[in-house]
Amino acid sequence: MKTPLSKKNALAYHADGRPGKIEVIPTKPHNSQYDLTLAYSPGVAEPCLEIKANPEDVYKYTAKGNLVAVISNGTAVLGLGDIGPEAGKPVMEGKGLLFKIFADIDVFDIELSDKSIEGMVNTIKSIAPTFGGINLEDIKAPECFEVEDRLKELLDIPLMHDDQHGTAIITSAGLLNALEISGKKIEEIRVVVNGAGASAISCSKLYLSLGVRPENLVMVDSKGVLNKKRTDLNPWKQKFVTGRDINTLAEAMKDADMFLGLSVAGVVTPEMLLSMADHPIVFALANPTPEISYELATATRKDLIMGTGRSDFPNQVNNVLGFPYIFRGAMDVRATAINEEMKLAAAHALADLAKQPVPEEVNIAYQVTNLKFGKDYIIPKPSDPRLITHVAPAVAKAAMDTGVARKPVTDWDAYRDELGKRLGLSNPLIRQIKARAKKNPRRVVFAEAENYKILKAAEIVVEEGIAIPILLGNRDVILGLINEHDLELHDIEIIDPRSPEENERRESFAAQFFEKRKRRGVTMNAARDMMTHRNYFGPSLVENGYADAMISGLTSSYPATIRPALRIIGKKRGASIVSGMYIMLTKKGPIFFADTTVNMNPDADKLVEITKQAAATVRQFNLEPRIAMLSYSNFGSVEGNIPIIVRTAVEKLHKECPDLIVDGDMQANFAINNDLLRENFPFSKLADGPANTLIFPYLTAGNIAYKLIQELGGAEAIGPILMGLSKSVHVLQMGSSVSEIVNMVTIAVIDAQRNEST
């Protein structure tokens, strides 16, 4: 079970820093007066005139083609009901965030204060020229049906009410695969839908399109079965009136093959479940508590195939599997609508994807060893990186086949490549490494626990299940900070290296250190004194098995942090050096920088060792290293000591590691700009794709480079990752943010996991 979210942390997430979750950023140069004359007056007149002459050019000269409006009036927000447009805005911003991170679609969220159908229709029609697509959200039934139907007639851009169709598409995919597993035919199954709101009606309509017979579908609302006795039904409910003489949910469930719940918790009993047909399919989607709990349902029926809306059980029905990619495909072909065929195409694409071999990063994310098609995996996972390249093309093709595409795709391979490049791997990488850490959280010493940011990071890693913190420092100070900031850390182990309670362990650590360093000028008294300091006591905890990893360095210099670790823990067996690496999370994906922190002026042999360590670390993140050995020269174009050292290292690597993709010497722009490299040096091992790992010829260059990219390029830095130590100790940058600390703890846990397995 997931750790319950705290109200305090949820509010802080939305409020800290810049309030909200999204922002607008320029996409064109804007620093010079000339840039501004092009961006606005008088230069902006030129695209205006072009668009006036040809309105379709609005897609060429503006952001319209990648811009979606997420529109709500706040009348049906999550399970909160009619809370108003302002209160619904956090949800709309969240939807915008999901559009961006999963499909690279920009969003303006728009909250309307009008509850009338006429008012909403007129407003949305008026603002539609701004957008390439419109996502209606959290508008209550039955108004949402008419609003969507009328706008479809009025507009010529993709439009979808996700509350209706998203759930329909995802559950349809699950239904198709569940039927395949159970060996049933869709035209023969009996379906019970509990709930008669927007989602339920849309799901039912799509099931009929898939082949469910109308006479085999029964819908139930809070007053009972929609049957011919009912006189209180609106026009949309009337379409699902059954001719069977049944009145209750229990009666409807008898011999049913599928149950879809879009209602309230606890309405399905074990007796109802037992009355269903063999191999029943149950999608209990009430949130946060399903119509029948997963544990109770699976204990009642062993032949059950079940899905819920929750991520902590198999087969989560999550709309994020659908809407980003449906809009992506529809907008890429400039579809005039999202029609039934496009929804069905998305459902079939999702169903097909679940039957394909699962990438390892998905297995890791969900803490399984071999996720494969079966009753516990009938729907793809939201973290699957293949969704954008699988679902969006299916939707685009359906739009073309049904004649609503205005810009058809002509090269499907190129289109899939373009989709894959839209999103760098930074977000997936962060999600992946956190998922790996959660699979087997380890004990991590927080050596600077008398600091609020360290304690806040500790709280987060506990809440996320990443690590088991051990807080190092004065107990009273730490507890005071915990109480002052109301942190959820009251059951966490606290160790004060200077306390009398640690006398025995401190003496043992000192004796051990003295034996290691007695011929390096360290006396026993000096060793005892050192063990009162956190950066010596902490590594000793790790060395002696009291902890699995350590982080430090937030408030102390890099040498003061790394030196004790090197003296106490030492190098990994077979390693001649220790080196440092940063992961730079850029818009082009993650790029690994080494050595940025340890080796000042490495010779060719040390560069070889640094490169091997970097390659092994990159593979740890399920990426194949593509390594550029950097210099101020390109393949000997300029002579000098540095190019010679780098070329010598490359020659040794080509001999010792023939399968490793590594080349140089080369300048940094050639390493990153693949077109430039291929045009000038087509023989290079990196000619077929850019480097993802950069080896710097000396520490100064690497250190300057990562800090410049971090500050000027807007990249997020994770590191430094220490490579070559026998155990997991990692150093924070001075002044690291809480999120950076959490990332480093995650790296430390993964490193500890790897050390245990080798």
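Considering 195, 243, the condition of being surrounded by fewer than 18 Cβ atoms within 10 Å (Cβ to Cβ), outside the structural domain of residue 137 (by TED's automatic domain parsing) and not hydrophobic (A, V, I, L, M, F, W, C) is satisfied by 243 alone.
From the set of residues in region 578-635 that are of a type in the set (Val, Ile, Thr) and over 30 Å from residue 362 (Cα atoms), which is nearest to the chain's Cα centre (by Cα)? Talk me through it step by step, then tell me what you get.
The first filter runs over region 578-635 and keeps only residues of a type in the set (Val, Ile, Thr), leaving 578, 583, 586, 591, 596-598, 608, 610-611, 617-618, 627.
Okay, now just the ones that are also over 30 Å from residue 362 (Cα atoms), so 578, 596-598, 608.
Details: 578: 31, 596: 27, 597: 29, 598: 32, 608: 34 Å.
Selected residue: 596.
Based on what the data block shows, is residue 709 within 29 Å of the chain's Cα centre (by Cα) and either under 30 Å from residue 16 (Cα atoms) or surrounded by fewer than 17 Cβ atoms within 10 Å (Cβ to Cβ) (or both)? The answer is yes for residue 709. Pairing residues of region 23-50 that are within 24 Å of residue 108 (Cβ to Cβ) with residues that are of a type in the set (Gly, Ala, Ser), at Cβ distances under 8 Å and at least 6 apart in sequence or on separate chains, gives 27/63; 28/39; 30/39.
Does residue 376 satisfy the criteria of being among the acidic types (Asp, Glu), buried (at least 18 other Cβ atoms within 10 Å of the Cβ) and under 22 Å from residue 283 (Cα atoms)?
Working: among the acidic types (Asp, Glu): yes; buried (at least 18 other Cβ atoms within 10 Å of the Cβ): no; under 22 Å from residue 283 (Cα atoms): yes.
No, not satisfied.
Condition check for residue 486 on (1) part of a helix (DSSP H, G or I); (2) charged (D, E, K, R); (3) more than 19 Å from residue 447 (Cα to Cα): one failure, at (1).
Okay, residues lined up against (1) closer than 23 Å to residue 464 by Cβ; (2) modelled with pLDDT of 90 or more:
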residue: 690; (1), (2): no, yes
residue: 704; (1), (2): no, yes
residue: 707; (1), (2): no, no
residue: 730; (1), (2): yes, yes
residue: 738; (1), (2): yes, no
residue: 744; (1), (2): yes, yes
residue: 752; (1), (2): yes, yes
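Quick one: in region 448-461, which of the residues that are touching a Leu at 6+ places or on another chain (Cβ under 7 Å), outside any loop (DSSP other than H, G, I, E, B) and among the hydrophobic types (A, V, I, L, M, F, W, C) is nearest to residue 741 (Cα to Cα)? It comes out as 454.
Anything in region 307-356 that is in contact (Cβ under 8 Å) with a residue 60 or more places away in the chain, farther than 13 Å from residue 173 by Cα, out of contact with any Asp or Glu (no Cβ under 6 Å at 6 or more places or on another chain) and not in a helix (DSSP H, G or I)? List them, or say none. Passing the criteria: 311, 312, 333, 334, 335, 337, 338, 339.
For every residue, the table says whether it meets (1) buried (at least 22 other Cβ atoms within 10 Å of the Cβ); (2) among the hydrophobic types (A, V, I, L, M, F, W, C); (3) farther than 17 Å from residue 176 by Cβ.
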residue	(1), (2), (3)
312	no, no, yes
322	yes, no, no
339	no, no, yes
342	yes, yes, no
345	yes, yes, no
355	no, no, no
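In the set 196, 141, 168, 200, only one residue is in contact with a Lys or Arg (Cβ under 6 Å, 6 or more places away or on another chain), modelled with pLDDT under 95 and either closer than 28 Å to residue 382 by Cβ or part of a helix (DSSP H, G or I) (or both); that residue is 196. When 306, 331 are checked against the criterion of being under 20 Å from residue 207 (Cβ atoms) and within 28 Å of the chain's Cα centre (by Cα), a single residue qualifies: 306.
Against the condition outside any strand (DSSP E or B), at pLDDT 95 or above and surrounded by fewer than 21 Cβ atoms within 10 Å (Cβ to Cβ), how does residue 514 come out, does it pass? Yes; evaluated as a whole, the condition is true for this residue. Selection of region 404-447 for residues being among the small types (Gly, Ala, Ser), surrounded by 20 or more Cβ atoms within 10 Å (Cβ to Cβ) and not in a helix (DSSP H, G or I) yields 405, 447.
Which count do you get for residues in region 665-677 that are surrounded by fewer than 16 Cβ atoms within 10 Å (Cβ to Cβ) and either charged (D, E, K, R) or in contact (Cβ under 8 Å) with a residue 40 or more places away in the chain (or both)? Even if it seems obvious, please write down each step before you answer.
Let us first name the residues in region 665-677 that are surrounded by fewer than 16 Cβ atoms within 10 Å (Cβ to Cβ), namely 669, 673, 675-676.
Restricting the remaining residues to those that are either charged (D, E, K, R) or in contact (Cβ under 8 Å) with a residue 40 or more places away in the chain (or both) gives 675.
Looking only at that region, the number is 1.
Being crowded, with 18+ Cβ neighbours inside 10 Å, in contact with a His (Cβ under 9 Å, 6 or more places away or on another chain), under 23 Å from residue 559 (Cα atoms) and not hydroxyl-bearing (Ser, Thr, Tyr) is a description that applies to residue 720. When region 725-743 is limited to residues that are in contact with a Pro (Cβ under 9 Å, 6 or more places away or on another chain) and farther than 19 Å from residue 576 by Cα, the one that is surrounded by the fewest Cβ atoms within 10 Å (Cβ to Cβ) turns out to be 733.
With respect to the conditions (1) within 35 Å of the chain's Cα centre (by Cα); (2) surrounded by fewer than 16 Cβ atoms within 10 Å (Cβ to Cβ); (3) over 30 Å from residue 275 (Cβ atoms), residue 154 falls short on a single one, namely (1).
Yes/no matrix, rows are residues, columns are (1) within 13 Å of residue 746 (Cβ to Cβ); (2) in contact with a His (Cβ under 6 Å, 6 or more places away or on another chain); (3) polar (S, T, N, Q); (4) modelled with pLDDT of 95 or more:
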site	(1), (2), (3), (4)
457	yes, no, no, no
472	no, no, no, yes
476	no, no, no, yes
488	no, no, no, no
491	no, no, no, no
506	no, no, no, yes
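For residue 632, all conditions in the list (1) touching a residue at least 24 places away in the same chain (Cβ under 8 Å); (2) crowded, with 17+ Cβ neighbours inside 10 Å hold save one; what is the number of the exception? Result: residue 632 passes all but (2).
Taking residue 274, is it of a type in the set (A, V, I, L, M, F, W, C), modelled with pLDDT of 95 or more, surrounded by fewer than 16 Cβ atoms within 10 Å (Cβ to Cβ) and under 20 Å from residue 182 (Cβ atoms)? When the stated conditions are applied, residue 274 passes them.
Of the set (1) within 13 Å of residue 174 (Cα to Cα); (2) over 29 Å from the mean Cα position of the chain (by Cα), all apply to residue 247 but (1). Among the candidates 648, 596, the residue that is within 15 Å of residue 701 (Cβ to Cβ) and among the polar types (S, T, N, Q) is uniquely 596.
Just checking, does region 127-143 include any residue being surrounded by fewer than 18 Cβ atoms within 10 Å (Cβ to Cβ), over 25 Å from residue 406 (Cα atoms) and either in contact with a Phe, Trp or Tyr (Cβ under 7 Å, 6 or more places away or on another chain) or of a type in the set (Phe, Trp, Tyr) (or both)? Checked against the condition, which is being surrounded by fewer than 18 Cβ atoms within 10 Å (Cβ to Cβ), over 25 Å from residue 406 (Cα atoms) and either in contact with a Phe, Trp or Tyr (Cβ under 7 Å, 6 or more places away or on another chain) or of a type in the set (Phe, Trp, Tyr) (or both), region 127-143 yields at least one hit.
The values are calculated or read from the model by the stated rules, or taken from the named source; none is laboratory data. Being a predicted model, the structure only gives us computed values, none of them experimental. When we count neighbours, we look across all protein chains shown, and the Cβ atoms used for this are built from the backbone with ideal geometry, even at glycine.
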